[in-house]
Protein chains: 2
Amino acid sequence: MRNAEFDRAQVLRGAMSAFMHKGYTKTSMQDLTQATGLHPGSIYCAFSNKRGLLIAAIEQYQQDRNEQFKLIFSDSRPVLGNLKTYLDNIVVECVSCDSQQACLLTKALNEIAAQDDEIQGIISQNLKLWQNALTAQFELATTQGLLQGDLNSEQRAQYLMMGIYGLRTFAHTHPQAEILQQLADKLFTDVCR
Amino acid sequence: MRNAEFDRAQVLRGAMSAFMHKGYTKTSMQDLTQATGLHPGSIYCAFSNKRGLLIAAIEQYQQDRNEQFKLIFSDSRPVLGNLKTYLDNIVVECVSCDSQQACLLTKALNEIAAQDDEIQGIISQNLKLWQNALTAQFELATTQGLLQGDLNSEQRAQYLMMGIYGLRTFAHTHPQAEILQQLADKLFTDVCR
DNA sequence: CTCATTCTTGAATGTGCATTCAAGATATTC
DNA sequence: GAATATCTTGAATGCACATTCAAGAATGAG
């Protein structure tokens, strides 16, 4: 007979940020109470435990990214231009690296997926959705006659994802905008060949 | 008046393997005593602490990789063939993923570099050496007239490293040899363009 | 063979952490 | 406005872990 007081999305974004900042293992519950504004009891009541909070945060992350994706790939503009914008955004994200603006999915994948099959599954599924969305864009571009090489749309999407993963890791040692932009530009060219 | 009994390289390879398997934070000292065959006291005597052991393991990793690199890029064979072999080896490594056969450097980079400037520096330096070695190979190929595009050797090396990082991450969700080989092949083509 | 030095052993220490829980606060219902 | 149900609070719990250290074992020198 009483509703929870906190805003779930808000809380999860706080947790997301904490996890991206320090990584899952090194983020303590104390960090999380601070990042979410919730007391331990509330977190355990709402998300079972730290792991549950991570899973919920991943879900929220996926939703937020999906919104952003739909915003960029609006149907009204040319496909390849949207794709370029998308990549440029990632470069900006990498440069403005307010300490580890990495993708939560890949970060969690690198850190814990090997230890936890369920989380591995969840992340794989989310990345698959992302890949499918990219494949659909390449398919669209192909039907519009914008792509001619002998790669199919799925292969292009895979190559692009590989490139984005790499770009993010590369940014850790080379946070300079110029270099990253150059790499992203070539990636764009190569994936459209 | 008495020498240490253990083989340093052997011990460090054990530690390397443990760190790659579970990640730095989640690898306990108990794991490390098992992986190295050393008792806690010996580890602390030889490497100060867990962090010191990681740093020593990274050093050893770099040495081992360097050996392997020199072996593949022997001067007597054609440069681009060597490069292809190198990439194919990485694919094999990714496929045979006996749980996280990731590169220790990139794994540590993803996990802890943001938290620890000294380790960040060490890893960056090692990756830089690696990049320089690749650059030299591209330079060699260029002087032999094998490469014509408008990229310089450093840019090629950077792009290749980006691709390799990405390939390794991609392998976590797609461990199939076919797919990875396809991606590696295209990466090779694009980097030589 | 004996002594001195160095290495090895692994139980003990203290700390930091995830998790729990009972008391208190707040809303909703009748 | 009382009663009830639900949520919030944060100190208490117990465990896992990195680290220490003192006793024991092995080696080399004389």
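Against the test of being among the polar types (S, T, N, Q) and within 13 Å of the chain's Cα centre (by Cα), the options B:132, B:126, B:152 yield a single qualifying residue, B:126. Is at least one residue of region A:100-108 free of Cβ contacts under 8 Å to residues at least 40 places away in the same chain and either surrounded by fewer than 20 Cβ atoms within 10 Å (Cβ to Cβ) or aromatic (Phe, Trp, Tyr) (or both)? No - not one qualifying residue is present in region A:100-108. As a summary of the residue check, residue A:76 satisfies the conditions (1) in a helix (DSSP H, G or I); (2) away from DNA strand D (no atom under 16 Å from the Cβ) except for the one numbered (1). When we screen B:113, B:108, B:46 for residues that are within 16 Å of DNA strand C (Cβ to nearest atom) and either within 14 Å of chain A (Cβ to nearest Cβ) or more than 15 Å from the chain's Cα centre (by Cα) (or both), the only hit is B:46. For residue A:148, the criteria (1) touching a residue at least 60 places away in the same chain (Cβ under 8 Å); (2) within 25 Å of residue B:185 (Cβ to Cβ); (3) open to solvent by 30 Å² or more (accessible area, probe 1.4 Å) hold in every case but one, which is (1). Looking across region A:32-91, just one residue is aliphatic (A, V, I, L, M), over 24 Å from residue A:165 (Cα atoms) and surrounded by fewer than 18 Cβ atoms within 10 Å (Cβ to Cβ), and that is A:46.
Looking only at residues in region A:9-21 that are open to solvent by 70 Å² or more (accessible area, probe 1.4 Å) and away from DNA strand D (no atom under 14 Å from the Cβ), the one that is nearest to the other protein chains (Cβ to nearest Cβ) is A:21. Look at region A:127-142 and say how many of its residues are surrounded by fewer than 21 Cβ atoms within 10 Å (Cβ to Cβ) and at the interface with another protein chain (Cβ under 10 Å from one of its Cβ atoms). Qualifying residue count for the region: 2.
The rows are residues; the columns are (1) away from DNA strand D (no atom under 11 Å from the Cβ); (2) farther than 17 Å from residue A:125 by Cα; (3) of a type outside the set (Gly, Ala, Ser).
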site	(1), (2), (3)
A:31	yes, yes, yes
A:40	no, yes, yes
A:46	no, yes, no
A:50	yes, yes, yes
A:60	yes, no, yes
A:66	yes, no, yes
A:71	yes, yes, yes
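State whether the residues of region B:152-171 include one that is free of Cβ contacts under 8 Å to residues at least 60 places away in the same chain, closer than 22 Å to residue A:153 by Cα, of a type outside the set (A, V, I, L, M) and more than 7 Å from chain A (Cβ to nearest Cβ). No, region B:152-171 contains no residue that is free of Cβ contacts under 8 Å to residues at least 60 places away in the same chain, closer than 22 Å to residue A:153 by Cα, of a type outside the set (A, V, I, L, M) and more than 7 Å from chain A (Cβ to nearest Cβ).
The values are calculated or read from the model by the stated rules, or taken from the named source; none is laboratory data. A quick note: this is a predicted structure, and the numbers were derived from the prediction, not measured. When we count neighbours, we look across all protein chains shown, and the Cβ atoms used for this are built from the backbone with ideal geometry, even at glycine. Protein only, heavy atoms only, side chains kept; ligands, DNA and RNA dropped before computing areas. Shrake-Rupley method; radii C 1.70, N 1.55, O 1.52, S 1.80 Å.
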